[in-house]
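Taking it in order: structure first as structure tokens, then the write-up.
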Amino acid sequence: MQAQDKLFTLEDLNYGGSNYYSLQPKNIWTVWWGDELMYLDAEEGGKLGADNQRTTCFKLSDIGNGWHSAYSAEYPYPDQPLVLLNNRRQRILWDFEKKETVWSQTSQGEQHSDWTKASRAVAYVKDNQLYVRTADNNEHQLTTDGSREIVYGQTVHRNEFGIEKGTFWSPDGLLLAFYRMDQSMVADYPQVDIFHRVAEYEPDKYPMAGETSHQVTVGVYNIDTGKTVYLKAGDPTDRYFTNIAWSPDSKTIYMFELNRDQNDCRLVSYDAATGERLAELYQETSDKYVEPLHPIQFLPWDADKFIMQSQRDGYNHLYLYQKNGKLVRQLTQGAFVVMDVLGFNAKEKAIIIQANREHPLCHNLYAVSTKNGRMTLLDNGRGVHNGSLSATGIRLFDNYTEPDVPRNIDVIDIADLKPKATNLLKAEDPWKAEGFRIPTYESGSIKAADGVTDLYWRMVKPADFDPTKKYPTVIYVYGGPHANNVQASYRWMSRSWETYMAQKGYITFILDNRGSQYRGRDFEQATFRQLGQVEMQDQMQGIEYLRTLPYIDMDRIGVHGWSFGGFMTISLMTTYPDVFKVGVAGGPVIDWKWYEVMYGERYMDTPQTNPEGYKLTSLIPKAKNLKGKLQIISGYNDDTVVPQHCLTFLAACIEAGTQPDFFVYPGESHNMRGHASVHLHERITQYFEDYLK
């Protein structure tokens, strides 16, 4: 083929494909050792100089038998030449100056492990029980009643409220706070494992909206005494405990406590030694919902002050508090969202954050003064920047992309908050280097159905796009909370499947409707108690925009989405049956009464308190409206959107006489893993090829 004429396969484009990773822009994997940047490669690691020169500190081949590329590495002690290595069998500290192992600990069989550098103890789960192994390799069993019904040391509340783990070490490494979740009262959902001679029953604990939920308590284990106390938080029934944090002196635990309605949130402190409740430091209420996602963080230079994140003024911002709960000042404010706190620059008394102040589609890095809230832009003000901060906060690793920049990596000196960037990498586009035919990626904005709010879209056109022709067009949609599809990253955050579709002669159009993330509280909460309705109105504004484009074939409009996007796909197909000719809905929610308590009730309340909302959003009565070709795809063992959704919709279609198609992936859960994803996206594509083209 001629230059730029090579065609993609899904093995090139899909993350489960055999050639996918070789076609990603070059990257550098790094960690910090104090304020020194260290590189990590498959078989070695070491120092990364300003001129991108590498000084090797360790090679797996030097360490001994059993060490290979499946390992993790970090440099836990800024003042010591030690790298912590773990290969899932052994955890060691390797002295890279002496070239020897100075400490080791077994790590075989650990699940949900959590190691602390302060005492070198590790907490982990084994056979449903919680253990602590101390630095001298002595194993201590903390629990005896662990089971699928009594869960220790793991995530609770189905990973909502920012919960990503179930163990929390104190700063001194001597106390371990951990979750205990009693879900014995929660109904089992009857999943089945078919990969046996006789299929076996493997139920999931799944608390559905309006039904009985689990109960969570928080324990604190003391390494020195071997004793465990539980925080005296009161009856855990219909309450959520989240965002656990420690005081710098390891004496006090803080957590946010939320009622089941999720409209009353309180920050409460506890004595770590006794479990006694000390004080309520903060309360936030809402007529819709409050969603705590981040633990408080104490200032490294002032143990009497902490920062808290809240969107109480309409956008997620930082607030500075005294440890007694007295507000000092709001640190950030304006019509933008603070997305992440990377850490602190102690020298300048500043907080390093990621936010979208420059533009809603951009993610940029800033320093925020704790003295007056002044924000200093640390990067170029464009694109999507993801950073990591050195130990003292004087250096910033900045890995970023822009719509026309595949990847750049800078190291930024921010010691005095006058950023000085040194470039480490400017990655080329491997698609161009390999001679592939690359589509056109565009972005713009339209008004939402309210006529006021800006909504951002992406469009992908075939490489040989001809404006005089008419093209079949597929709407790719998600539309739900905590996600968005359009950002100012490379190719406007385009999914590689859109490239595949463009190659086959389709245009794809992606619009972030109200309800999606990074646009503030009111934008997100516009969908409250009526999921899918405002979102559909906005998506139809996208359709009206497409009508103005002469190259869009309005007789060949398709729609595809997964999870919330699957719900949106069927919602659009059955609400506007004369607009959408073909749809593919993956893992779709069909009726929110079958979704889980925490997420479902946050956005919809309960079926008992919002019967009209549940009736309005259910797709069961709309099965009779289906006119176009619809394929529904599900993991047979989906534990997020359980199979009851798809199956009940199919039953309604049978009764109504409508004819969807259905395909399942045995053994798969909510998303297809590994190479099954290649098969999935070929199937999705083929459905549009068969019925839309």
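The values are calculated or read from the model by the stated rules, or taken from the named source; none is laboratory data. Note that the structure is a prediction, hence the values are computed from the model and not measured. Virtual Cβ from ideal backbone geometry, glycine too; neighbours counted across all protein chains shown. Calculation scope for accessible area: heavy atoms of the full protein, side chains included, ligands and nucleic acids excluded. Shrake-Rupley method; radii C 1.70, N 1.55, O 1.52, S 1.80 Å.
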key: Residue that is farthest from Tyr490 (Cα to Cα) [pool: residues in the stretch 8-59 that are β-branched (Val, Ile, Thr) and in contact (Cβ under 8 Å) with a residue 24 or more places away in the chain]   = Val31
query = Considering Thr143, Thr155, which residue is among the polar types (S, T, N, Q), out of contact with any Asp or Glu (no Cβ under 9 Å at 6 or more places or on another chain) and at pLDDT 95 or above?
reply = Thr143
ask   = Out of all the residues in the stretch 312-320, is one or more part of a strand (DSSP E or B), of a type in the set (A, V, I, L, M) and modelled with pLDDT of 95 or more?
value = yes
query = When both residues are 6+ apart or on different chains and their Cβ atoms are under 9 Å apart, which pairs have a first residue that lies in the stretch 64-80 and is in contact (Cβ under 8 Å) with a residue 40 or more places away in the chain, and a second that is assigned to a loop (DSSP other than H, G, I, E, B) and among the β-branched types (Val, Ile, Thr)?
reply = Pro78/Thr392
remark   = Checking Asp51, Asp35 in turn, the sole residue that is closer than 30 Å to Gly166 by Cα and surrounded by fewer than 18 Cβ atoms within 10 Å (Cβ to Cβ) turns out to be Asp35
query = Which is over 23 Å from the mean Cα position of the chain (by Cα), at pLDDT 95 or above and either surrounded by 17 or more Cβ atoms within 10 Å (Cβ to Cβ) or closer than 29 Å to Ala118 by Cβ (or both), of Asp264, Asp249?
reply = Asp249
Evaluation of Phe168 against (1) on the phi < 0 side of the Ramachandran plot; (2) open to solvent by 40 Å² or more (accessible area, probe 1.4 Å); (3) out of contact with any Gly (no Cβ under 7 Å at 6 or more places or on another chain) (one fails), failing number = (2)
inquiry  = Could you check the stretch 373-390 and list, in sequence order, the residues that are open to solvent by 20 Å² or more (accessible area, probe 1.4 Å) and either charged (D, E, K, R) or assigned to a strand (DSSP E or B) (or both)?
reply    = Arg374, Met375, Thr376, Leu377, Asp379, Arg382, Asn386, Gly387, Ser388, Leu389
note = Here, helices (runs of 4 or more DSSP H) confined to the stretch 556-627 with at least 2 residues that are within 30 Å of the chain's Cα centre (by Cα) and aromatic (Phe, Trp, Tyr) are 564-575, 597-604
query = Regarding Tyr478, is this residue buried (at least 20 other Cβ atoms within 10 Å of the Cβ) and in contact with a Leu (Cβ under 9 Å, 6 or more places away or on another chain)?
reply = no
query = Restricting the stretch 332-372 to residues that are in a loop (DSSP other than H, G, I, E, B) and hydrophobic (A, V, I, L, M, F, W, C), which is nearest to Pro419 (Cα to Cα)?
reply = Ala346
query = How do the pairs read when you match residues in the stretch 120-149 that are free of Cβ contacts under 8 Å to residues at least 24 places away in the same chain and under 27 Å from Val186 (Cα atoms) with residues anywhere that are in a strand (DSSP E or B) and of a type in the set (D, E, K, R), using Cβ under 6 Å and keeping only pairs 6 or more apart or on different chains?
reply = Tyr131/Glu139
ask   = Among the residues of the stretch 635-658, is any among the hydroxyl-bearing types (Ser, Thr, Tyr), in contact with a strand residue (DSSP E or B) (Cβ under 6 Å, 6 or more places away or on another chain), surrounded by 15 or more Cβ atoms within 10 Å (Cβ to Cβ) and in a strand (DSSP E or B)?
value = no
Selected residue [among the polar types (S, T, N, Q), free of Cβ contacts under 8 Å to residues at least 60 places away in the same chain and farther than 21 Å from Glu524 by Cβ] from Ser247, Ser269, Ser286 = Ser269
remark   = Within the stretch 268-312, residues open to solvent by 30 Å² or more (accessible area, probe 1.4 Å) and among the hydrophobic types (A, V, I, L, M, F, W, C) come out as Ala273, Leu278, Ala279, Leu293, Trp301, Ala303
query = When residues of the stretch 222-238 are filtered for being open to solvent by 70 Å² or more (accessible area, probe 1.4 Å), within 17 Å of Ile253 (Cα to Cα) and hydroxyl-bearing (Ser, Thr, Tyr), how many remain?
reply = 1
